[in-house]
Each structure stands twice: as structure tokens, then as C-alpha cells.
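The values are calculated or read from the model by the stated rules, or taken from the named source; none is laboratory data. This one's a predicted model, so the numbers in the text were calculated from it and none came from an experiment. All accessible areas refer to the heavy atoms of the entire protein, side chains included, with ligands and DNA or RNA removed. Shrake-Rupley method; radii C 1.70, N 1.55, O 1.52, S 1.80 Å.
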Amino acid sequence: TIENKGPIPISLRKKIGNKIYGCDDCLSICPWNKFSKETSEKKYKSNMHNNLLFFLNFNEEKFLKYFHESSVKRIGWIRFLRNVIIASGNSNNKNLIKYILKHLNDKSSIVRGSCIWSLFQLLDEEGKENLKKSILLKEKNKYVLYELDLIS
């Protein structure tokens, strides 16, 4: 999914689980990694997989600064945020809802579409209905409306 520049196919979203950067699996099977050593960089060890809230509070500037010497920067802000949002939807953590909601107004339709899917994974029925009404009032992008139609 890191190479996919568009939306993540719905059939793969649940399978992503809490992963936000696809190299997790690649690293585990790569034969060259038998020569590697675990990083001592605390920021990568403590936050990369377990703290979605940490990344949901990023903006593009913070993303570029945080990952300035990392291969993660290669996927770009939009794909990174898309992945964080999808992983958040898979988290079953309702505390993330308010942080996903702030990205629902993002300029990227891919981010907004990912938000819809994730929020529909976390919200109760009343919340879903209210979200749908709110989106229909302001959203004009055909892809984002398609996401809403698929999920609701």
C-alpha cells in the first residue's frame, strides 16, 4: 500500500491492521536484514506502530521534520496520513474519532475518503448518520461521495 498513490482498496483496509508503513513485512522477510541492527532512535521505536494519536496530530510540516532522515518521508504526507487514518479505523479506539474528524476537511480527497471509512468503523449508528448528513451538506468531490455511498 505504500506504493499505491490513490485510495487503499476497501478489500485491503481491514488487512492492514495497525500498520502505517509497509516496510514492516518487507523488513521481516528481507535476507539482507540478518546483517542489520535494531535502531537506537527512540522516536522510531516508541511511536511508529503503537501511537496513532501521535501521528494524527501531525501536519505536513511536522511530518517532513520528524521523518527528514527516514525512508518514510518517501511516501509523502498524503499517503502517510491516509495510512495512519486507515490504521486508526482498525484500532477500535473510539478516542481517536475526534482526531480523525479534524482531517475530514483536508484538501486531499484521498485523506477525506479515508476519514469516512475509518470513522464508520468507530462510530455508533447515530454518529454515522450525523456524519453522513454533515458530509452531504458540504462535500462535492465525487470520489469522497463514492466512499460515503459505499460505506453507508
What accessible area, in Å² to the nearest ten, does a 1.4 Å probe give for Leu136? 100
Links exceeding 21 Å between C-alpha atoms in this model, out of Lys98/Lys132; Lys5/Lys138; Lys98/Lys138; Lys73/Lys140; Lys62/Lys98; Lys19/Lys73, come to Lys5/Lys138; Lys73/Lys140
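Could you sort His103, His68 by their accessible area in this structure, using a 1.4 Å probe and putting the largest first?
On the way: His103 15, His68 100 Å².
Result of the area sort, largest leading: His68, His103.
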Rounded to the nearest Å, the spacing of the alpha-carbon centers of region 77-122 and region 60-74 is 19
